[in-house]
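Chemist: Input: one structure, supplied below.
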Amino acid sequence: MFFTYGPQAPTALSNGPTCIEVQGDWIKQCLAYMKANNFSRIEASRAAEVEWRNLVQTGASFTLLGKAKSWYTGVNTPGKPIEQVNLVGGIAYYDAICRERRLQSVMKGLRFQVTNRLDQGKNRKNRRDATTRKEDLECLAKEVIRVAITVEKTKSMTEAERHSESLQGYLGGIKGTMDGILELITNGQVDENQFVTRIQAYRQELQNAMNRFSPDIALDRSLVHFSRLLDSLELLLSGFKLLLVPFQELLVGFQQFLPIRTESAVVDSYPFAAPFPTNQSSGIISRDHGSSKTDDKELVDSKSSTGRGYRSVSEEDTVRILVYCVSEQFDLDAFHVNTVCSQLRVLRITSSIPRVVKSYRLRITKSSRDSTAWVEETKFTGYHWKGVTNSGADGFVGIKVTMTESPQEFDVLIVGAGFGGVYTLHQTRNLGFSVKIFESGSDLGGIWFWNRYPGARVDSHIPLYEFSMPELWKDWTWSERFPSWTELREYFQYMDSKLDLKKDIRFNSRVVSAHFDVTTDQWTVKTADGHEARARFLVLCTGFASKIYIPPIKGLDTFKGIYHHSSQWPEAGLDLRGKRVAVIGTGATGVQIIQEIGPIVEHLTVFQRTPNTCLPMRQAKVDKTMQEKRKSLYLTIFRRRLQTWAGFDYDSFPQNFSSASPEERHLRFEELWERGGFHLVVSNYRDALSNEETNNVVYAFWRDKVRERLNDPEMQEKLAPTVPPHPFAAKRCSLEQNYYEIYNQPNVELVDLQKNAITQITPDGIETSDGVLHQVDVIAFATGFDSITGGIMQIDIRGADGSSIAEKWKNGVHTYLGMTTANFPNMFFTYGPQAPTALSNGPTCTEVQGDWIKECLAYMKANNLSRIEASRAAEVEWRNLALANASLSLLGKAKSWYTGANIPGKPIEQLNLVGGIPFYDAICREKAAKRYEGFAFSSDKSIGSGQESKESKEVNGFATANAA
């Protein structure tokens, strides 16, 4: 798609016909170029358009044109972004840039996709003469050309970048790592685990660099460069498996395939300027041009069928060509050509499968900024390769290659690699199933991969917040009673070392759709990067907090400072010392951020809608020796988890409030307060969450305790009001350490959003309805999530009749056992709606559900059943039970994310099962014992097609399988 006389061109600042002729001529020549080269598609790269936008806006900033409220900037149209939409530089400047881009050997900043050419009629089975062998090699060469990383970019760096030693250190590390990797490949001294570990650690360092420098340098060029480095490294990682072919399969003796000349070496139509001596034992052709006397004149193939010229590699470059031969059964993956400034290294992989009909050509010029390449599309059996030109600034020019292959098939496909996904992976693998996890992050952890804001930690004490498997807890110790996000990350890495999890996880794979095929009883799952897989069973382990929520506040895009949602906080952190910081929201996240940064910032402004009824965490360091001794009780503790309402190792007091004397009540409250954690909620009188009188007394006790810690009467009323804002614990109580003391500091301000709502965000800060502008440098959005259902509903999940789960749940959630829903066969979810979920300890709930799913799949496997689906009658009954159960408590009397009240337009209903872990576990086990009452099974394809399966029958009003 092209457009003329539009935005970011001279347009309204020029004579119309002149501008149109300039653009029309450029489009004409571009299309001619595509026609001559058999290109079917052209697309601008994101890097190129970011560079162009910066150029346009920078040029405009040198003029006075932005000082007027004019249609030049869109200010005349309400809601339109205010920016200069014309290129101020003028026609001559614009024409020169367009011509310069066009004269590049590949149109700079554009991506081309060539037309597919298949030689479908040729049978070369018996054609094995020398000429044909060379032709086969040309055709079989699956070139994935990627100019990966240019680290010596000093000339294009700004002064700020050039003088940043830390930044230079990161960039220098890139070169060192790439050199080391190629050296290891060359020498054959590497294994796959070593590569994976090395690159994952290195990629994390790059992410740290990106997080650390992007806020400070604030240069789009730097951001784009770092983004490319990450992308390049990710592609390299994906190529390791193919690069690690057995060395005994290396081609020995290149002469049989490659003609070696004395004047110049021609390698599969790649002319280089010097002869290459052959090392037959290693399968490597190498040449150090630095010692060569060979003429480095350009070699131009002007008669090429593609019409392209080919330039020699200069004398100062070093070329290494590695040729691998892989067996027909070997899993094809990405290949790479890495150009690192003066060193050019080419990795060439060939296959013994003669099914390709088109060779590839490479052109590389002396300047790294001018390096270009072409790859032509071809097909293999089951594989589809596409070459895409990807050029950009800062010396990063090259080819990005993607592959679509025949979708992989698994027995079980899991979405999410947090506690739920990891547990389900381990359990289903033990059944002998082939299992794969798709995880949107780049490592394990689920919510603990994304939560890295200041002060982030779990609010379940150890050893409750871990799995009960002895092989995990017997060798693991914690350092704190309530572990931080960093230690939880370490726990996930420890689990991987014990359970070998990562081999069955595809990271950086955000699932965008999952559709059920009634003809095969399989799910087809697609990710944002175009990957596709099929599975018999789909298990959604998206967690209760995977879809973030930021209120639609006017003017946010104009803010010139830094802002982040808590779950998008830079992993390397932000230096907030001396900064003016705003925190919007005082839920669990807000409380942790506020108490962590309050002592170090210049000024902290907290925007509170509803006060949080925080409880003392009673955090403490944990002695390793004492922890080891206590492990003799772990089995008892983990069994106890299954017997308590919240899945903790403590439960409610077994009597009502009214049966105790005032003195007994007071002593009870004081004891629970001193214990800390959730004891005041969970271990209180059993009617504390159902009887308003009892609840009000508990609130009054809490209020008095908090007010003792606040100096200012006005602050006391804001944070612990006289009248309860809602029933105590009807909104989640957060655990705090020094939260209330922070408000005694002179640099802390609390804004009551009930009285003064946020009206807009300006370039300098946050404006409230009283007209006050709160000037800030950083905004932290602790505004929560579209909880419990959001992570599931944001995926395009379509069931047996083609309708989506978002459509089904738009007016209210319907599930059966909080793990399945009718019309979505072979699909389960954990830690989701209408289960104990947010009212319970996460690992406890996860194990209950994971064990049930495992046993259900084992039952299906033993009985040769291919499909399971909840009946509509069963899910209606379950919904009614969940809502009736909730109505017996006070939890529905608060506007809380427990009920979806924090998301505009979301149906208000209790999303958790209030009955508790023992109640839930007992029902699930009962349904399984009754041969999975409420479910329909089949081993044929009749379910969903309007016919009743011959294996199914009705029992007690529910469709259930007859396993016999």
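Bear in mind these aren't lab numbers, they're just calculated from the coordinates by the rules spelled out. No experiment lies behind these values; they were computed from the predicted model shown. No Cβ is skipped: glycine too gets one built from the backbone with ideal geometry, and neighbour counts run over all protein chains shown.
Chemist: Rank Gly16, Ala96, Met34 by how far each Cα sits towards the positive end of the charge dipole of the stretch 11-103 (+1 on Lys, Arg Cβ; -1 on Asp, Glu Cβ) and give me just the farthest.
Modeler: Of Gly16, Ala96, Met34, it is Met34.
Chemist: Which FRET efficiency value, to the nearest 0.05, is calculated for Glu807 and Glu926 with the Förster distance at 22 angstrom and r the Cβ-Cβ distance?
Modeler: Details: r = 31 Å, r/R0 = 1.42.
So, using R0 = 22 Å, E works out to roughly 0.10.
Chemist: Gap in Å between the Cα centre of the stretch 738-800 and the Cα centre of the stretch 474-503?
Modeler: Between the Cα centres of the stretch 474-503 and the stretch 738-800 lies a distance of 32 Å.
Chemist: Provide the FRET efficiency to the nearest 0.05 for the Thr63-Ser513 pair, computing r from the beta carbons and using R0 = 35 Å.
Modeler: 0.15
Chemist: What does the charge count around Val56 come to, taking other residues whose C-beta lies under 11 Å from its C-beta (Lys +1, Arg +1, Asp -1, Glu -1)?
Modeler: Local charge sum for Val56: -2.
Chemist: Between Asp704 and Lys474, take the C-beta separation as r, use R0 = 35 Å, and let me know the FRET efficiency to the nearest 0.05. Numbers along the way, then the final one.
Modeler: Details: r = 44 Å, r/R0 = 1.26.
Between Asp704 and Lys474 the formula returns 0.20.
Chemist: What distance in nm separates the simple spin-label points at Asp770 and Asp557, each placed 7 Å from Cα in the Cβ direction?
Modeler: Placing both labels 7 Å beyond Cα along the Cβ direction yields 3.1 nm.
Chemist: Please give the net charge around His726, taking every other residue with its beta carbon less than 10 angstrom from that of His726, where Lys and Arg add +1 and Asp and Glu add -1.
Modeler: Values: positive: Lys731, Lys893, Lys895; negative: none.
Within the 10 Å Cβ shell, the charges total +3.
Chemist: Under Stokes-Einstein, with the Kirkwood radius over Cα pairs standing in for Rh, what whole-number D in µm²/s applies to the stretch 760-858 at 20 °C and 1.002 mPa s?
Modeler: My calculation gives 129 µm²/s for D.
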